[in-house]
Amino acid sequence: MRRILLPKILVTGGNGYLGRSISKMLNSSGHFEVMAISRTNVDLMNANDVAIFLKNNGPFNVVIHTAIIGGKRTDIDSPQTTYDNLVMFTNISNCNMYFNSLINIDSGASYDRRNDIYMFHESELLKSYPIDYYGLSKNLIAKTCLLNKNYYNLRIFNVFDPDELDTRFLKTIYNNYINKEEIIVNDCFFDFFSMEDLFTIVQYIILDFCKYNDLNCSYLKKKTLSQIAKYIATNILPGLNYKVSNPETLNKSYCGNGSYLNSLPLHFVGLEQGIKNYYKKLIDG
């Protein structure tokens, strides 16, 4: 019997939250041959190591670049953050003879977090100039991707599934609910995106169907954190105790315009069902 060759996918940052989750979904689908790498087996800061690895293990149909340094709101980044992220991306990009396409996992920080990022369209990227070290690196990488028709930016503001960190909003709500502790909500418009739907987009791009090379991972309808908390209290976690810290004031928004994404012929789980699925998995263990 003739062997069927599956699309060969390389995922960087394989030990990180996004890399681990995307690799797991790709493997579970059975439609792809997946190789995930992390700093334990390939030093992306070393151009020679990257070139040798890609030459020996390629060619790949698609590289999904999730490896990053910094970006956590609880940490303080430095100029080294900018340098490291740019070097890792450059070392991979310089070896593009060993892969057909690249999916860059971008961040809403590319739009400059000094701004009130409310429903920013993809075109805002070229008008944005972040000065924080993480946002600057993501902005420059995303702009570089726009110069190559085989490179794609997937811009994430927040993506969720049960494996996310305990410090994330949805997980904090669950943990506080279990511990019977009050939730304090610092309100703003904020994009949440289901990991299930991120996988739908990734798969669509891998199969070379996508006409856009820059996409906000955003649903059309925008919700505040307090609206999300209310939805969870009403529909999923009865008795959830939450309080909005300052009901009269909204903090800076962090959400994109989802018109490009939602014009694609794709079926999405969506925010509300995605949240229901998320908590069902946590409750069921």
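When residues in segment 50-77 are screened for being in contact (Cβ under 8 Å) with a residue 60 or more places away in the chain and either touching a Leu at 6+ places or on another chain (Cβ under 8 Å) or among the small types (Gly, Ala, Ser) (or both), 4 of them pass.
The residues of segment 120-148 that are more than 17 Å from the chain's Cα centre (by Cα), under 20 Å from TYR260 (Cβ atoms) and buried (at least 17 other Cβ atoms within 10 Å of the Cβ), listed by number, are GLU124, SER128. Could you please let me know if ASP187 is at pLDDT below 95, of a type outside the set (Ser, Thr, Tyr) and in a loop (DSSP other than H, G, I, E, B)? Judged against the criteria, ASP187 is not a match. The residues listed here are LYS222, LYS281, LYS276, LYS252; of these, the one that is touching an Asp or Glu at 6+ places or on another chain (Cβ under 9 Å), more than 20 Å from CYS145 (Cβ to Cβ), surrounded by 15 or more Cβ atoms within 10 Å (Cβ to Cβ) and not acidic (Asp, Glu) is LYS222.
Look at segment 105-124 and say how many of its residues are touching a Phe, Trp or Tyr at 6+ places or on another chain (Cβ under 7 Å) and of a type outside the set (Asp, Glu).
So the count comes out to 6.
Candidates in segment 190-231 are the residues that are charged (D, E, K, R) and modelled with pLDDT under 95; of these, the one that is nearest to SER123 (Cα to Cα) is LYS211.
Here ASN61 clears all of (1) assigned to a strand (DSSP E or B); (2) surrounded by fewer than 14 Cβ atoms within 10 Å (Cβ to Cβ); (3) not aliphatic (A, V, I, L, M) except the condition numbered (2). Restricting attention to segment 43-62, the residues that are more than 11 Å from THR90 (Cα to Cα), in contact with a strand residue (DSSP E or B) (Cβ under 8 Å, 6 or more places away or on another chain) and among the hydrophobic types (A, V, I, L, M, F, W, C) total 3. For segment 71-91, give me the residue count where each residue is touching an Asp or Glu at 6+ places or on another chain (Cβ under 8 Å) and of a type in the set (Gly, Ala, Ser). Matching residues across segment 71-91 total 1.
The values are calculated or read from the model by the stated rules, or taken from the named source; none is laboratory data. Predicted model, so just to flag it, every value in this text is computed and none were measured. Reconstructed Cβ throughout: ideal geometry from the backbone, glycine too, with neighbour counts over all protein chains shown.
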